[in-house]
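Data first, discussion second: the structure below is written as structure tokens.
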């Protein structure tokens, strides 16, 4: 360093360092105002003003001290320790101020070790950034300032929950940070008129219950089918959200087709016996009755005769005949 009384001229190197120092203060101001969390507007203002005042007072103090020793400002900037300090301060200031930092995470489904692909990230309330996570759940979030951040991870069917990351998470180069997303669910309330319809979800052959019914599904798109005997199936595409969905529908009754009946000739000896089909009176022999397909019990009854019974299958058996036996009174003498 020049001695007392020595005149010092500014070299281009000293001028560049002085300009860098001023730029560094500007960059530091930009960085403080760009921090999304941790400091409020008042805190940022006080920090910025305090930083500039500290720098100004430090500069004036050094300048006055050098003047007393008859050193110029150029001598100060020419000092190797000061030059090294300006270079280090410049590197640190620009390293913090430029948004080239990143976060690396791996995303899994909560409670499992299943990696989730297609997950996007929203940083500090901004629109989601790309690219999305890959099949291994790996997601790199770039272009971040060296500060704390709040990140929301978004994927259809999972809850969007904010996750806070600290300053050291952003500037570190360690292993990816594990993130677990909880599956989002919504309630589905289904009712039909008439009630009692079975509810099927997508291609499942097992109903989740019968109407009226409220149940939970993971958020997403589904196809519900409501099915009841004698009514037409009713299918509907729904989108389940965390707010839930309510479905109320009227089922349409199917056209009722008459049950086919087949003739059966019933005769008896003697004639005039009452005919009962499955316990229901159908006429007097000899006559033709019409009955549905299948097995039926035929009874013929007549006073004074033992009831005749038979099982017939229609339409395979077109006729049935009975030979009724007379019921005789007992001739046994009563015991004395």
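Laboratory data are not the source of any read-out in this text; all were calculated from the coordinates shown. All values derive from a computational prediction rather than experimental measurement. Every residue, glycine among them, receives a Cβ derived from its backbone with ideal geometry; neighbour counts consider all protein chains shown.
Just rank 226, 319, 302, fewest to most, by other beta-carbon atoms within 10 angstrom.
On the way: 226 24, 319 12, 302 20.
Placing the least packed residue first, the sequence is 319, 302, 226.
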Q: Please figure out what share of the DSSP beta bridges in segment 185-250 is antiparallel and state it in percent, rounded to the nearest 5.
A: 75
Q: Using Cα centres only, tell me the gap between segment 252-319 and segment 163-197 in whole Å.
A: 67
Q) Roughly what % of DSSP beta bridges within segment 74-209 run antiparallel, to the nearest 5? A) 75
